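Working notes for the structure below.
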Amino acid sequence: MSLKIVVLAKQVPDTRCVGKDAMNADGTINRAALPAIFNPEDLNALEQALRLKDTHPGSTVTILTMGPGRAAEIIREGLYRGADNGYLLTDRAFAGADTLATSYALATAIRKIGAYDIIVGGRQAIDGDTAQVGPQVAEKLGLPQVTYVEEIEEVKDGRIRVKRHIDGGVETVEAPLPIVLTVNGSAAPCRPRNAKLVQKYKRALGGQEKAALTKDGSALPYADLYESRPYLNITEWSVADVNGDTKQCGLSGSPTKVKKIENIIFQAKESKTLTGSDADVENLIVELLANHTIG
(Lines give C-alpha, C1' and ligand atoms only; values in the text may rest on other atoms or scores of the structure.)
Protein backbone atom coordinates (compact mmCIF):
# COMPACT_ATOMS: atom_id res chain seq x y z
CA MET A 1 0.00 0.00 0.00
CA SER A 2 1.17 3.54 -0.76
CA LEU A 3 1.34 5.90 2.21
CA LYS A 4 0.97 9.62 2.75
CA ILE A 5 3.51 10.55 5.41
CA VAL A 6 3.90 13.92 7.12
CA VAL A 7 7.18 14.61 8.93
CA LEU A 8 7.11 17.23 11.67
CA ALA A 9 10.51 18.94 11.71
CA LYS A 10 11.90 21.96 13.49
CA GLN A 11 14.77 24.34 12.95
CA VAL A 12 16.36 24.77 16.37
CA PRO A 13 19.15 26.88 17.82
CA ASP A 14 22.34 24.93 18.35
CA THR A 15 22.32 24.50 22.12
CA ARG A 16 26.08 23.94 22.10
CA CYS A 17 26.41 27.68 21.45
CA VAL A 18 24.22 29.09 24.24
CA GLY A 19 25.56 32.36 25.63
CA LYS A 20 24.37 35.27 27.74
CA ASP A 21 22.39 36.73 24.82
CA ALA A 22 20.47 33.50 24.14
CA MET A 23 17.20 34.81 25.59
CA ASN A 24 15.10 37.89 24.83
CA ALA A 25 13.64 40.01 27.61
CA ASP A 26 10.18 38.45 27.11
CA GLY A 27 11.53 34.94 27.79
CA THR A 28 11.63 33.81 24.15
CA ILE A 29 14.74 32.45 22.46
CA ASN A 30 16.92 34.97 20.65
CA ARG A 31 17.27 32.86 17.53
CA ALA A 32 19.26 35.54 15.71
CA ALA A 33 22.08 35.07 18.22
CA LEU A 34 22.41 31.32 17.70
CA PRO A 35 23.24 29.17 14.66
CA ALA A 36 20.27 27.17 13.42
CA ILE A 37 20.28 23.42 12.77
CA PHE A 38 17.85 20.62 11.87
CA ASN A 39 16.54 19.21 15.15
CA PRO A 40 18.52 15.95 15.56
CA GLU A 41 15.65 13.62 16.50
CA ASP A 42 13.54 14.99 13.64
CA LEU A 43 16.25 13.66 11.33
CA ASN A 44 15.75 10.22 12.87
CA ALA A 45 12.03 10.60 12.20
CA LEU A 46 12.71 11.62 8.60
CA GLU A 47 14.78 8.49 8.08
CA GLN A 48 11.90 6.28 9.26
CA ALA A 49 9.59 8.07 6.83
CA LEU A 50 12.02 7.64 3.93
CA ARG A 51 12.41 3.94 4.69
CA LEU A 52 8.64 3.57 4.44
CA LYS A 53 8.73 5.41 1.12
CA ASP A 54 11.45 3.03 -0.10
CA THR A 55 9.42 -0.06 0.78
CA HIS A 56 5.97 1.20 -0.23
CA PRO A 57 6.02 2.35 -3.87
CA GLY A 58 3.92 5.42 -4.59
CA SER A 59 4.29 6.80 -1.06
CA THR A 60 4.96 10.50 -0.48
CA VAL A 61 6.84 12.28 2.31
CA THR A 62 5.85 15.85 3.21
CA ILE A 63 7.90 18.05 5.54
CA LEU A 64 5.93 20.37 7.81
CA THR A 65 7.79 22.99 9.84
CA MET A 66 7.04 26.26 11.59
CA GLY A 67 9.36 29.24 11.95
CA PRO A 68 10.68 32.38 10.31
CA GLY A 69 11.52 32.52 6.62
CA ARG A 70 14.96 31.00 7.12
CA ALA A 71 13.30 27.79 8.37
CA ALA A 72 12.74 26.95 4.70
CA GLU A 73 16.24 25.47 4.99
CA ILE A 74 14.67 22.56 6.91
CA ILE A 75 12.44 21.78 3.95
CA ARG A 76 15.39 21.94 1.56
CA GLU A 77 17.32 19.54 3.77
CA GLY A 78 14.36 17.17 3.67
CA LEU A 79 14.14 17.43 -0.12
CA TYR A 80 17.87 16.74 -0.43
CA ARG A 81 17.35 13.45 1.39
CA GLY A 82 14.27 12.24 -0.47
CA ALA A 83 11.17 14.07 0.75
CA ASP A 84 8.67 15.06 -1.94
CA ASN A 85 7.48 18.48 -0.77
CA GLY A 86 7.09 20.69 2.24
CA TYR A 87 5.13 23.45 3.91
CA LEU A 88 6.47 26.28 6.07
CA LEU A 89 4.17 27.82 8.65
CA THR A 90 5.47 31.35 8.94
CA ASP A 91 3.67 34.34 10.41
CA ARG A 92 4.53 36.83 13.13
CA ALA A 93 1.44 35.54 14.93
CA PHE A 94 3.18 32.14 15.33
CA ALA A 95 6.22 33.68 17.08
CA GLY A 96 6.98 32.81 20.70
CA ALA A 97 4.85 29.66 20.72
CA ASP A 98 5.16 27.12 23.52
CA THR A 99 4.24 23.47 22.96
CA LEU A 100 0.50 24.11 23.26
CA ALA A 101 0.48 26.85 20.62
CA THR A 102 2.93 24.95 18.42
CA SER A 103 0.84 21.79 18.41
CA TYR A 104 -2.27 23.84 17.64
CA ALA A 105 -0.60 25.44 14.62
CA LEU A 106 0.76 22.12 13.33
CA ALA A 107 -2.60 20.39 13.78
CA THR A 108 -4.44 23.09 11.82
CA ALA A 109 -1.85 22.80 9.04
CA ILE A 110 -2.19 19.02 8.94
CA ARG A 111 -5.93 19.38 8.57
CA LYS A 112 -5.31 21.67 5.60
CA ILE A 113 -2.90 19.17 4.04
CA GLY A 114 -5.74 16.68 4.22
CA ALA A 115 -5.05 13.02 3.53
CA TYR A 116 -2.38 11.41 5.69
CA ASP A 117 -1.63 7.95 7.01
CA ILE A 118 1.36 8.53 9.27
CA ILE A 119 2.52 11.70 11.05
CA VAL A 120 6.01 11.30 12.45
CA GLY A 121 8.36 13.60 14.31
CA GLY A 122 11.28 13.48 16.69
CA ARG A 123 10.69 12.66 20.33
CA GLN A 124 11.62 16.20 21.36
CA ALA A 125 13.44 19.32 20.24
CA ILE A 126 16.78 20.24 21.79
CA ASP A 127 15.69 23.82 22.49
CA GLY A 128 12.90 22.79 24.84
CA ASP A 129 13.31 19.09 25.68
CA THR A 130 9.62 18.76 26.53
CA ALA A 131 8.58 15.83 24.28
CA GLN A 132 5.07 17.32 24.30
CA VAL A 133 4.38 18.51 20.76
CA GLY A 134 3.94 15.10 19.10
CA PRO A 135 1.46 13.80 21.68
CA GLN A 136 -0.40 17.12 21.71
CA VAL A 137 -0.77 17.03 17.91
CA ALA A 138 -2.20 13.51 18.20
CA GLU A 139 -4.72 14.65 20.81
CA LYS A 140 -5.79 17.66 18.78
CA LEU A 141 -6.33 15.48 15.70
CA GLY A 142 -7.98 12.68 17.67
CA LEU A 143 -5.41 10.12 16.51
CA PRO A 144 -3.70 7.20 18.26
CA GLN A 145 -0.05 7.76 19.10
CA VAL A 146 3.07 5.73 19.81
CA THR A 147 6.03 7.49 21.39
CA TYR A 148 9.73 6.58 21.84
CA VAL A 149 9.78 4.67 18.56
CA GLU A 150 13.04 2.93 17.62
CA GLU A 151 11.94 1.27 14.39
CA ILE A 152 8.90 0.91 12.17
CA GLU A 153 8.73 -2.81 11.47
CA GLU A 154 5.71 -3.14 9.19
CA VAL A 155 2.75 -1.30 7.73
CA LYS A 156 0.07 -3.59 6.36
CA ASP A 157 -3.72 -3.74 6.00
CA GLY A 158 -4.27 -0.39 7.66
CA ARG A 159 -2.14 -1.18 10.70
CA ILE A 160 1.40 -0.40 11.80
CA ARG A 161 3.83 -2.35 13.98
CA VAL A 162 6.71 -0.54 15.69
CA LYS A 163 9.41 -1.14 18.25
CA ARG A 164 9.56 1.42 21.04
CA HIS A 165 12.17 1.91 23.72
CA ILE A 166 10.98 1.66 27.32
CA ASP A 167 12.90 1.60 30.58
CA GLY A 168 14.58 -1.75 30.80
CA GLY A 169 13.79 -3.03 27.34
CA VAL A 170 12.02 -2.75 24.00
CA GLU A 171 8.28 -3.02 23.44
CA THR A 172 6.55 -4.04 20.20
CA VAL A 173 3.30 -2.17 19.57
CA GLU A 174 0.65 -2.53 16.88
CA ALA A 175 -1.88 0.22 16.16
CA PRO A 176 -4.32 1.36 13.45
CA LEU A 177 -3.70 4.06 10.86
CA PRO A 178 -3.75 7.03 10.71
CA ILE A 179 -1.35 7.54 13.61
CA VAL A 180 1.18 9.92 15.16
CA LEU A 181 4.66 8.58 15.98
CA THR A 182 7.57 10.19 17.82
CA VAL A 183 11.04 8.79 17.21
CA ASN A 184 14.03 8.50 19.54
CA GLY A 185 17.50 9.75 18.77
CA SER A 186 18.70 6.16 19.21
CA ALA A 187 16.79 5.13 16.08
CA ALA A 188 18.62 4.78 12.76
CA PRO A 189 20.45 7.99 11.77
CA CYS A 190 19.20 9.88 8.75
CA ARG A 191 20.76 9.16 5.39
CA PRO A 192 23.07 11.81 3.91
CA ARG A 193 22.02 14.24 1.22
CA ASN A 194 21.63 12.77 -2.25
CA ALA A 195 23.86 14.62 -4.75
CA LYS A 196 21.29 14.50 -7.55
CA LEU A 197 18.56 15.82 -5.25
CA VAL A 198 20.82 18.61 -4.02
CA GLN A 199 21.30 19.71 -7.63
CA LYS A 200 17.56 19.47 -8.24
CA TYR A 201 16.42 21.46 -5.20
CA LYS A 202 19.35 23.74 -4.35
CA ARG A 203 17.50 26.80 -5.67
CA ALA A 204 14.22 25.98 -3.91
CA LEU A 205 13.08 29.08 -2.01
CA GLY A 206 10.23 30.26 0.13
CA GLY A 207 8.43 33.55 -0.41
CA GLN A 208 10.28 35.40 2.35
CA GLU A 209 13.64 34.29 1.00
CA LYS A 210 12.71 35.57 -2.45
CA ALA A 211 11.60 38.86 -0.95
CA ALA A 212 14.92 39.22 0.87
CA LEU A 213 16.81 38.71 -2.39
CA THR A 214 14.83 41.42 -4.18
CA LYS A 215 14.29 43.98 -1.39
CA ASP A 216 16.85 46.34 -2.90
CA GLY A 217 14.96 46.34 -6.18
CA SER A 218 17.16 43.81 -7.94
CA ALA A 219 15.67 41.03 -10.04
CA LEU A 220 15.21 37.58 -8.54
CA PRO A 221 18.10 35.35 -9.64
CA TYR A 222 16.99 32.52 -11.93
CA ALA A 223 13.45 33.90 -11.90
CA ASP A 224 12.47 31.84 -14.94
CA LEU A 225 13.19 28.62 -13.04
CA TYR A 226 10.43 29.30 -10.53
CA GLU A 227 7.87 29.38 -13.32
CA SER A 228 9.16 26.42 -15.30
CA ARG A 229 9.90 24.28 -12.22
CA PRO A 230 7.09 24.76 -9.68
CA TYR A 231 8.70 22.32 -7.25
CA LEU A 232 11.31 25.00 -6.51
CA ASN A 233 8.64 27.16 -4.84
CA ILE A 234 8.41 26.28 -1.15
CA THR A 235 4.85 26.81 0.05
CA GLU A 236 4.41 29.19 2.97
CA TRP A 237 1.25 29.35 5.07
CA SER A 238 0.12 32.08 7.44
CA VAL A 239 -2.36 31.76 10.31
CA ALA A 240 -5.13 32.81 7.91
CA ASP A 241 -4.06 30.24 5.32
CA VAL A 242 -4.64 27.38 7.77
CA ASN A 243 -7.81 28.95 9.22
CA GLY A 244 -6.13 29.34 12.59
CA ASP A 245 -7.28 31.31 15.61
CA THR A 246 -4.66 33.96 16.42
CA LYS A 247 -5.62 33.75 20.11
CA GLN A 248 -4.34 30.16 20.16
CA CYS A 249 -1.10 30.91 18.29
CA GLY A 250 2.27 32.30 19.32
CA LEU A 251 2.62 34.16 22.60
CA SER A 252 -1.15 34.74 22.80
CA GLY A 253 -1.80 31.01 22.95
CA SER A 254 1.19 30.13 25.14
CA PRO A 255 0.62 29.81 28.89
CA THR A 256 4.27 28.77 29.37
CA LYS A 257 6.81 31.54 29.83
CA VAL A 258 10.58 31.12 30.26
CA LYS A 259 11.74 33.55 32.92
CA LYS A 260 15.47 32.94 32.90
CA ILE A 261 18.19 30.84 31.31
CA GLU A 262 21.71 30.45 32.63
CA ASN A 263 24.85 29.22 30.96
CA ILE A 264 26.95 27.65 33.70
CA ILE A 265 30.65 27.17 33.07
CA PHE A 266 32.64 25.40 35.75
CA GLN A 267 36.12 26.63 36.45
CA ALA A 268 39.00 24.28 37.17
CA LYS A 269 39.33 25.70 40.69
CA GLU A 270 35.77 24.58 41.44
CA SER A 271 36.49 20.92 40.81
CA LYS A 272 36.98 18.39 43.57
CA THR A 273 38.67 15.02 43.61
CA LEU A 274 36.93 12.42 45.75
CA THR A 275 37.97 8.96 46.76
CA GLY A 276 35.61 6.07 47.20
CA SER A 277 35.85 6.20 50.97
CA ASP A 278 32.72 6.24 53.11
CA ALA A 279 33.73 9.58 54.58
CA ASP A 280 34.06 11.29 51.18
CA VAL A 281 30.74 9.88 49.99
CA GLU A 282 29.00 10.95 53.20
CA ASN A 283 30.45 14.46 52.98
CA LEU A 284 29.36 14.78 49.36
CA ILE A 285 25.79 13.74 50.17
CA VAL A 286 25.65 16.23 53.04
CA GLU A 287 26.87 19.02 50.73
CA LEU A 288 24.37 18.16 47.97
CA LEU A 289 21.53 18.09 50.47
CA ALA A 290 22.59 21.41 51.93
CA ASN A 291 22.55 23.21 48.58
CA HIS A 292 19.34 21.43 47.50
CA THR A 293 20.96 19.69 44.54
CA ILE A 294 19.27 16.55 45.81
CA GLY A 295 16.50 16.01 48.34
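Observations
- Options [x] 1.04; [y] 1.09; [z] 1.06 - which one matches Rg/Rh (Cα atoms, Kirkwood Rh) as calculated here: [x]
- Here the chain has 51 percent of its accessible surface on carbon and sulfur atoms, given a 1.4 Å probe and all protein chains in place.
- Calculated FRET efficiency, Tyr231 to Gln267, Cβ-Cβ distance, R0 = 51 Å: about 0.45 to the nearest 0.05.
- Accessible area per residue, Å², the chain with all protein chains present, probe 1.4 Å: 54 Å²
- Descending by average beta-carbon neighbour count within 10 Å, the peptides 190-203, 112-125, 62-75 line up as 62-75, 112-125, 190-203, the highest first.
- Formal net charge of residues neighbouring Asp241 (Cβ-Cβ distance under 15 Å; K, R +1; D, E -1): 0
- Per-residue Karplus couplings for the range 35-50, computed as 6.51 cos²θ - 1.76 cosθ + 1.60 with θ equal to phi - 60°, are listed in order as x, 9, 9, 6, 3, x, 6, 5, 5, 4, 5, 4, 4, 4, 5, 5 Hz, Gly and Pro entered as x.
- Rounded to the nearest 20, the size of the Cβ-charge dipole of the chain about its Cα centre is 1040 debye, with Lys and Arg at +1 and Asp and Glu at -1.
- Difference of contour (0.36 nm per residue) and Cα-Cα distance, Arg161 to Ala175: 4.4 nm
- Signed unit charges on C-beta, dipole axis of the chain, positive-most listed residue Ile179, Gly217, Gly142: Gly217
- Backbone phi angles across the range 88-96, fed through the Karplus curve with coefficients 6.51, -1.76 and 1.60 (θ = phi - 60°), yield HN-Hα couplings of 10, 7, 9, 6, 4, 5, 7, 5, x Hz in residue order; Gly and Pro are listed as x.
- Inter-probe distance in nm under a simple model that places probes 7 Å from Cα toward Cβ, at Leu251 and Gln199: 4.7 nm
- Spin-label pair Asn291/Ala212, simplified geometry with 7 Å Cα→Cβ offset, distance in nm: 4.2 nm
The values are calculated or read from the model by the stated rules, or taken from the named source; none is laboratory data. All figures in this text were calculated on a predicted structure; none of them were measured in a lab. Cβ sites come from the backbone with ideal geometry, for glycine too, and all protein chains shown count toward neighbours. Keep in mind that these areas ignore ligands, DNA and RNA; they rest on the heavy atoms of the full protein, side chains included. Shrake-Rupley method; radii C 1.70, N 1.55, O 1.52, S 1.80 Å.
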